[in-house]
Each structure stands twice: as structure tokens, then as C-alpha cells.
Amino acid sequence: MTTRDLCFTPAVVLSRLYRAGRTSPLEVMQAVLARIDAVNPDVNAIVTLVREDALRQARLATAAFRRGAALPPLFGIPVAIKDVTATKGIRTTHGSKLFESHVPDEDALVVQRLRAAGAIVIGKTNTPELALRPVTENARYGATRNPLHPELSAGGSSGGSAAAVAARMVALADASDLGGSIRIPAACCGVVGLKPSRGRVSTGPDFGDVGGGLPSDGVLTRTVRDAAAGLDAIAGYEPGDRDVAPPPARPFADLVLPEPLTIDIATTAPLGIPVDDEPRAAVERTATQLVELGHEVRERTPDWDDDSFPQSWSTFMTGVAQHLLRVVERLHGRPVDADRLEPATRAWLVESTPVRLIDYLEAGERLRAYARRILRNWPDGLVLVTPTLTRLPSVVGGIRAEAGVTDDAVRFSALVRIWNVTGQPAISLPLERTPEGVPVGVQLIGPPGRDDLVLSLAAQLERSAEG
């Protein structure tokens with residue numbers, strides 16, 4: 001197989017090729033590194049590459065392989081890790097000049113689990129400073145560009161991971177999502193991004209209680225089956241986790257064909273936030289596709305309008321961001337030198353008035369009440385389909401760095417942050433493109449804990465779209 005063939009092959013297919021003796025982890029790693037050398041200078045997705053260690057591990061995996069032997073599910077698969085996720089022995093900077101020399105002495109839990117599943121870490125992917133913006137642009141490494149349209153942003157905050165996957169540098173990359181940071185770049189770059197159910201993937205111990213249960217780790221991939229395999233690898237409870245999702249009846253990668261479902265379609269956004277024509281049309285075409293697949297489709301918008309939501313979200317997120325700075329200080333064992341933070345980060349996290357505990361708790365209580373209202377009327381088998389984003393990707397540099405929850409950020413997060421609040425599984429699928437080839441994401445949201453249902457329906461749509 002050619003270098004291009006290997007780099008364009010999904011992870012689960014590479015695993016089958018290993019078993020059939022048609023390629024090896026070393027051959028795939030050599031192809032991946034050649035691809036990175038060729039395309040990363042223009043995309044700027046991977047900011048730290050551990051070439052020699054990746055080749056060493058690939059040689060060991062190739063030597064250890066025995067046809068017919070049981071293999072871990074991601075055996076020999078090259079993966080990239082977001083630059084906020086601690087990775088033993090590999091520079092982890094949080095996208096900041098402040099931490100540009102930091103090298104963790106242990107892996108975060110999600111990296112431990114990827115390694116245990118046989119994956120080989122090739123390096124770190126770009127992210128905005130402390131993962132706090134919906135575009136991946138920072139003073140340390142610069143902007144990550146959209147591989148499909150280099151003048152456009154890759155989105156954020158997992159934009160480096162999304163761009164690495166879209167550019168065929170890796171088939172699977174680590175990502176995290178507090179208010180859309182997996183699904184925003186997935187939609188911008190035309191890849192698959194799943195935010196798992198709350199409690200499905202442990203964020204402990206490093207970030208175990210940052211965000212009061214809203215964040216989730218996940219993966220970015222090019223196919224739904226790879227997303228399911230990645231979730232199988234990283235899912236699971238860690239002692240001390242505040243939330244625990246029920247274990248699936250079978251592996252997520254089984255992707256059992258769903259029975260006919262009731263599916264709601266919503267093409268608007270909460271509180272009258274405008275939705276561009278392209279995202280709205282993408283959902284309408286997806287609705288037609290779902291009817292042809294035998295599902296019952298109806299236009300019905302959730303009860304998501306709440307005048308108190310914007311202020312509650314802003315207060316809560318400011319408190320989360322200020323807390324995050326303290327967590328980072330603990331992880332690094334030293335106080336933050338605020339003068340080395342980017343101006344917008346410093347203004348939001350250091351120079352703004354600290355959120356009072358009572359205000360933070362009240363904001364969190366209002367968000368939980370909002371979640372209860374939505375979930376109260378959500379049947380077990382119901383799936384909601386919305387645009388992932390209310391707009392198309394911005395041009396690189398088109399979103400000004402400002403402190404706090406900005407209007408620009410809300411335009412990106414209006415249809416994704418809700419499901420962090422409710423804790424429901426939500427996946428962005430690359431089902432549509434504009435006539436100019438710009439990706440348009442379509443989002444599926446399932447009942448709490450039903451990651452299996454969301455993945456199975458997503459796989460059915462993916463197969464139908466491929467024709």
C-alpha cells in the first residue's frame with residue numbers, strides 16, 4: 001500500500017490489515033511521519049512531534065505482532081494528544097508561552113487508556129491558550145489552519161486534533177469538550193466529533209472537578225466506527241469520579257443497526273441567535289435522509305429558551321476559568337506568572353473580579369434547573385438533530401481574542417454548550433459541504449447515557465451518505 005493509502009485508511013481498517021499481514025505498525029508509522037512532514041508546515045496542527053520514540057514503539061509493536069494472536073483494539077495505531085492533556089515525557093504547554101518547557105512525569109488517565117489499548121502517541125496538537133477559545137490560535141504556536149480551506153480556522157479548542165485528523169496525519173486524536181470544544185472543530189474541519197455522556201469518560205485525577213461535571217474527554221476521527229472504537233478504549237469509571245455513566249450492554253464499536261426511531265429536528269437556536277442558511281439546509285437534507293431510512297421525523301424544538309441562561313453560563317464559565325488557573329498552578333507546582341499569559345487570558349482569569357462563591361453556586365444551580373427542564377420531556381429513545389454550529393468557520397484571525405464569554409464565542413457554542421449542561425451524548429457528523437467545499441456539521445443528541453444509540457444512528461447516516 002502507498003503512503004497515501006495508509007494515511008487515508010481508518011484506524012479500525014488498519015487493525016484488520018495488521019491481522020491480515022498486509023501492513024505493519026512500522027510501515028504505517030513511517031507513512032504517518034512522512035505525511036506530517038509534508039502537510040503540517042501549512043496546517044500547524046501538530047506542535048510537538050516525538051518522531052524517534054514513535055518509530056521505536058512502532059518497531060516494538062511490529063516485532064511483537066503474531067498473526068492470530070489477540071491484539072488490543074488500537075494496536076499499533078498512531079494517535080495525537082491535545083496539548084492540554086498530560087503526556088509523560090512529552091512537552092505539554094497548554095498552548096501557552098507560560099508552560100512552554102513543561103514536560104509531565106506521568107500520563108493523564110485518557111492517555112494511559114489509549115496506550116493500554118495499543119495506541120502509539122506521536123505528539124501533541126495545537127490548542128488556544130488553556131483551551132479557552134473556540135478557535136485554535138495562540139501566541140506560542142500561532143494559528144491552526146483548516147486543511148480543507150487554509151484561509152479558515154480549524155475551530156477550537158481541539159482544533160489541532162481536528163485538523164490533524166482531517167489532514168490525514170492521524171486517524172484518531174485526543175480531544176476535550178467543556179462547551180463544544182470537540183464538536184466545534186469537528187464541524188469546521190469536516191470530521192467526526194463525539195462528546196460522550198457525562199460520567200462516560202473519567203477526567204480525573206488532574207481535572208476531575210473542573211467545570212462541575214460539564215467537561216468530557218473524547219476523540220476526533222474521520223469515521224463513526226473509529227469514534228466508537230476510541231470511546232471503547234477511553235471509557236470507564238475512575239475512583240472518586242463525581243458522575244458515572246452506566247456501562248454499555250456491548251462494545252460501542254458493535255454499532256447495532258437502530259430500530260426505527262422518533263427523531264426531532266430543530267433548525268433554530270436558543271434565544272433567537274441567528275442560524276446561517278447552510279447549517280439550516282444541512283439539517284433539512286439530513287431529515288429527508290432519516291425519513292428514507294425509515295425513521296419518524298418531526299419538527300420540534302426543545303424547551304431551551306431561558307432568559308437567565310446567558311448570564312448563568314457567563315458567571316459559571318468565568319468561575320471555571322479562574323478555578324482552572326489554580327488547578328494548573330497545582331499541576332505545575334508553582335504560581336502562574338500572569339505577565340506571560342496572553343492579554344485576553346490574563347484579563348479574564350487574573351485581572352477580572354473573582355467570581356464570588358455564592359454567585360458561582362447560584363449560576364450552577366440555575367444551569368442544573370435548565371438541564372432538568374429539558375430532560376424531563378426527553379423520552380428514552382428520542383434523538384434530536386440540529387446544526388452543530390450556527391455559522392460557517394471563521395477566517396483565521398477573524399475572531400478577536402477578548403476576555404470572557406463573548407458574542408463571537410456564543411455564535412459558535414449556542415447549539416453545543418447545552419448538552420454539556422444536560423450531560424447528554426452529542427456527535428457532530430460531516431454530512432454536508434457548501435458548494436465551495438466548506439464543511440457543515442450536523443449534530444445528533446441522544447438521551448443521557450445512550451452513547452450507543454447516537455453512534456449507531458450516526459453510523460447509519462454515514463453509510464447512507466456514502467451511498
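The values are calculated or read from the model by the stated rules, or taken from the named source; none is laboratory data. Everything numeric here is computed off the predicted structure, so don't read it as measured data. Note that each Cβ is placed from the backbone with ideal geometry, even for glycine, and that neighbours are counted across all protein chains shown. All accessible areas refer to the heavy atoms of the entire protein, side chains included, with ligands and DNA or RNA removed. Shrake-Rupley method; radii C 1.70, N 1.55, O 1.52, S 1.80 Å.
Points worth noting:
- Hits in segment 423-436 (condition: among the β-branched types (Val, Ile, Thr) and either open to solvent by 20 Å² or more (accessible area, probe 1.4 Å) or in contact with a Lys or Arg (Cβ under 8 Å, 6 or more places away or on another chain) (or both)): Ile427
- Residue in segment 30-53 that is farther than 30 Å from Val135 by Cα and either surrounded by 18 or more Cβ atoms within 10 Å (Cβ to Cβ) or in contact with a strand residue (DSSP E or B) (Cβ under 6 Å, 6 or more places away or on another chain) (or both) present: no
- Given (1) open to solvent by 20 Å² or more (accessible area, probe 1.4 Å); (2) within 26 Å of Arg198 (Cβ to Cβ); (3) modelled with pLDDT of 95 or more; (4) not charged (D, E, K, R), number of the condition Pro260 does not satisfy: (2)
- For segment 353-467, the helices (runs of 4 or more DSSP H) that sit wholly inside it and include 1 or more residues that are of a type in the set (Phe, Trp, Tyr) are 357-376, 407-413, 417-422.
- Members of segment 1-16 found to be part of a helix (DSSP H, G or I) and surrounded by 18 or more Cβ atoms within 10 Å (Cβ to Cβ), listed by number: Leu6, Cys7, Ala11, Val12, Leu14, Ser15
A quick yes/no check of all residues on (1) hydrophobic (A, V, I, L, M, F, W, C); (2) crowded, with 24+ Cβ neighbours inside 10 Å:
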| position | (1), (2) |
| --- | --- |
| Val192 | yes, yes |
| Gly204 | no, no |
| Val210 | yes, no |
| Ser216 | no, yes |
| Tyr237 | no, no |
| Pro247 | no, no |
| Arg250 | no, no |
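- Per the listing Ala363, Ala338, the residue uniquely hydrophobic (A, V, I, L, M, F, W, C), surrounded by fewer than 19 Cβ atoms within 10 Å (Cβ to Cβ) and either within 26 Å of the chain's Cα centre (by Cα) or modelled with pLDDT under 95 (or both) is Ala338.
- Members of segment 96-129 found to be assigned to a loop (DSSP other than H, G, I, E, B) and either crowded, with 23+ Cβ neighbours inside 10 Å or touching a Leu at 6+ places or on another chain (Cβ under 6 Å) (or both), listed by number: Ser96, Ala108, Ala117, Gly118, Ala119, Asn126, Thr127, Pro128
- Qualifying residue in segment 309-326 (condition: open to solvent by 20 Å² or more (accessible area, probe 1.4 Å) and within 16 Å of Leu453 (Cα to Cα)): no
- One residue stands out in segment 298-307 among those that are more than 24 Å from the chain's Cα centre (by Cα) and touching a residue at least 60 places away in the same chain (Cβ under 8 Å): the one that is most open to solvent (accessible area, probe 1.4 Å), namely Asp303.
- Condition met for Leu382 (surrounded by 14 or more Cβ atoms within 10 Å (Cβ to Cβ), under 30 Å from Pro439 (Cα atoms), in contact (Cβ under 8 Å) with a residue 40 or more places away in the chain and hydrophobic (A, V, I, L, M, F, W, C)): yes
- Residue check for Ala69: free of Cβ contacts under 8 Å to residues at least 12 places away in the same chain, of a type in the set (A, V, I, L, M) and either part of a helix (DSSP H, G or I) or open to solvent by less than 40 Å² (accessible area, probe 1.4 Å) (or both): yes
- Whichever residue in segment 54-66 is within 14 Å of Val121 (Cβ to Cβ) and touching a helix residue (DSSP H, G or I) at 6+ places or on another chain (Cβ under 9 Å) and, among such residues, is most open to solvent (accessible area, probe 1.4 Å): Leu60
- Scan segment 79-95 for residues that are in contact with a Phe, Trp or Tyr (Cβ under 8 Å, 6 or more places away or on another chain) and either on the phi < 0 side of the Ramachandran plot or open to solvent by 10 Å² or more (accessible area, probe 1.4 Å) (or both) and the total you get is 2.
- All of Ala401, Ala426 fail the test of being in contact with a strand residue (DSSP E or B) (Cβ under 9 Å, 6 or more places away or on another chain), modelled with pLDDT under 95 and among the small types (Gly, Ala, Ser), apart from Ala401.
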